[in-house]
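**Student:** Next up is a structure, given as structure tokens.
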Amino acid sequence: MPIQNNDSEVILTHPKNSQSSVTILKYGATVYSWKINGVEQLWLSTAAKLDGSKPVRGGIPLVFPVFGKNETDPLLSKLPQHGLARNSTWEFLGQVKEDPPTIQFGLNKEIANPELTKLWPQDFQLVLTVELGVDFLKTSIEVDNTSNSEELKFNWLFHTYLRIEDIEDTMVSNLAGMNFYDQLIKESMVDKHPVVTFHQETDVIYKNVNADRVIQVVNRGKPIHTLKRENLPDAVVWNPWVKKSEGMGDFEPKSGYKNMVCVEPGHVHDFVVLAPGKKWNASQLLYKDALNYQAI
Ligand code: BG6
């Protein structure tokens, strides 16, 4: 089996190409490395904590049950920014498919971080499925409301840090014409620009982006990451730029903002409300594709 499983992480290597692999830290079930043919696709801070002392700065942290810091919900407002999934140790459930190799991780109230389930005592079960192609990575989530009496109200988001060469040569395409909420100036607008470009701190939530809109990260005209979403209508685009990076102790090197852009598919503009006993599924697929500029 192309799986190495130790106390803290699981490394899955593709049986047809030993240079394609994915490494998942059990803390947060955080994918913190994904290589295609030996080339790293994700950004990871050199100061990221991989010892379970705080969420990983880089890779694909998982955001559940709340995106950002909620101020109003009686239960969710008690949780720290981005919830409890990224601060809990998940259980490795093993391999579920040979080709493409696919593994799963699980989290529920019983094994999640007790400091946080004390604040948010909801019943839930999460299963993360990680599927490694020779040249793609698919992460899928199933949220199960295991309560037989209470609704489960939550956000979900894959907080994907994509590795890029230079943020000033990078654009994110196929979000033109979409409504977005700018978290820095706290205003909603329609994006009239043909592509997203970066010249300063950027922290925006694109809302209700159709699933057939394939988001691409393009470097000097060349598409370097393509992202397909299932059941994840929103997409956060984030780059901390100079000042915000300086303020984050685990963000290193400080010039690292040049080599990353977060494109984060999620359901965050509003909450998913799941009836007792019901399940909800969503996924992100990262792959390589030709430039595909979609008209509005
Ligand atoms: C993004 C948010 O998803 O995550 C930003 O839109 C936030 O507002 C960023 O700063 C990083 O969050 P954290 O909690 O990992 O520092």
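Derivation of every value follows stated rules applied to the coordinates shown; laboratory data play no part. Please read these numbers as outputs of a predicted model, since none were measured by experiment. Because the Cβ atoms are built from the backbone with ideal geometry, glycine has one as well, and the counts that use them run over all protein chains shown.
**Student:** From Cα pairs below 8 angstrom and at least 6 apart in sequence, can you work out the relative contact order of the chain, rounded to a whole percent?
**Tutor:** After rounding, I find 18 percent.
**Student:** Here is a further query. Is the stretch 156-251 rounded, prolate or oblate when judged by the Cα gyration tensor, a ≥ b ≥ c being the square roots of its eigenvalues, rounded requiring a/c under 1.5 and prolate requiring a/b larger than b/c?
**Tutor:** On the way: a/c = 1.45, a/b = 1.20, b/c = 1.21.
It is rounded, given that a/c, with a ≥ b ≥ c, falls under 1.5.
**Student:** Let me ask you something else. Would you mind checking the radius of gyration and Dmax of the stretch 187-296 based on alpha-carbon positions, in Å?
**Tutor:** Values for the stretch 187-296 (Cα only, Rg and Dmax): 15.8, 48 Å.
**Student:** Taking only C-alpha pairs under 8 Å that are 6+ residues apart, what is the relative contact order of the stretch 88-178 in percent? Mind showing how you got there, number by number?
**Tutor:** Numbers: 112 pairs, mean separation 17.4, N = 91.
Reported as a whole number, the value is 19 percent.
**Student:** Put +1 on the Cβ of every Lys and Arg and -1 on every Asp and Glu Cβ in the chain; which of ASN179, PHE92, GLY106 then has its Cα farthest towards the positive end of the dipole?
**Tutor:** Toward the positive end, the furthest listed residue is ASN179.
**Student:** Find the Rg to Rh ratio for the stretch 63-183, where Rh is the Kirkwood radius over alpha-carbon pairs and Rg uses the same atoms.
**Tutor:** My calculation puts Rg/Rh at 1.03.
**Student:** Here is a further query. Name the long-range amide H neighbours of LEU162: under 5 Å, sequence gap of 5 or more, or other chain; modelled H, no Pro or chain starts.
**Tutor:** When sequence neighbours closer than 5 places are left aside, the close amide H contacts are TRP43, VAL261, CYS262, VAL263.
**Student:** How much net charge surrounds ASN108 when only the other residues with a Cβ under 9 Å from the Cβ of ASN108 are counted, with Lys and Arg +1 and Asp and Glu -1? Numbers along the way, then the final one.
**Tutor:** Working: positive: LYS109; negative: GLU91, GLU110, ASP123, ASP144.
Combined, the nearby Lys, Arg, Asp and Glu give -3.
**Student:** Less than 29 Å apart at the alpha-carbon level, and either on another chain or at least 8 residues along: which lysines does that give for LYS97?
**Tutor:** LYS16, LYS26, LYS35, LYS109, LYS138, LYS228, LYS278, LYS279, LYS288
**Student:** Cα gyration tensor of the stretch 1-62, axes a ≥ b ≥ c as square roots of the eigenvalues: rounded (a/c below 1.5), prolate (a/b > b/c) or oblate?
**Tutor:** Oblate shape, in that a/c is at least 1.5 and b/c is the bigger or equal ratio.
**Student:** Once fully extended, how much extra length lies between GLU165 and ASN179, figured as 0.36 nm per residue of separation less the alpha-carbon to alpha-carbon distance?
**Tutor:** 2.3 nm
**Student:** Also: Which of the aspartates and glutamates could a cross-linker span from LYS69 if the Cα-Cα distance has to be under 18 Å and same-chain partners fewer than 8 positions apart are dropped?
**Tutor:** GLU115, ASP182, GLU187, ASP203, ASP234, GLU264, ASP270
**Student:** Still on this structure, I have one more. Say each of LYS54 and LYS222 gets a label point 7 Å from the Cα, pointing the same way as Cα to Cβ; how far apart are those two points in nm?
**Tutor:** Between LYS54 and LYS222, the simple spin-label model gives 3.5 nm.
**Student:** Turning to a different aspect of this structure: More than 26 Å apart: what percent of Cα pairs in the chain qualify?
**Tutor:** 42 percent
**Student:** Compute, for the chain, the length of the dipole vector about the Cα centre, with Cβ point charges of +1 (Lys, Arg) and -1 (Asp, Glu) only. Units Debye, rounded to 20.
**Tutor:** Approximately 240 debye in magnitude.
**Student:** Determine, from the Cβ-Cβ distance of VAL195 and LYS254 and an R0 of 25 Å, the FRET efficiency 1/(1 + (r/R0)^6), rounded to the nearest 0.05.
**Tutor:** Numbers: r = 27 Å, r/R0 = 1.07.
The pair VAL195/LYS254 has a calculated efficiency of 0.40.
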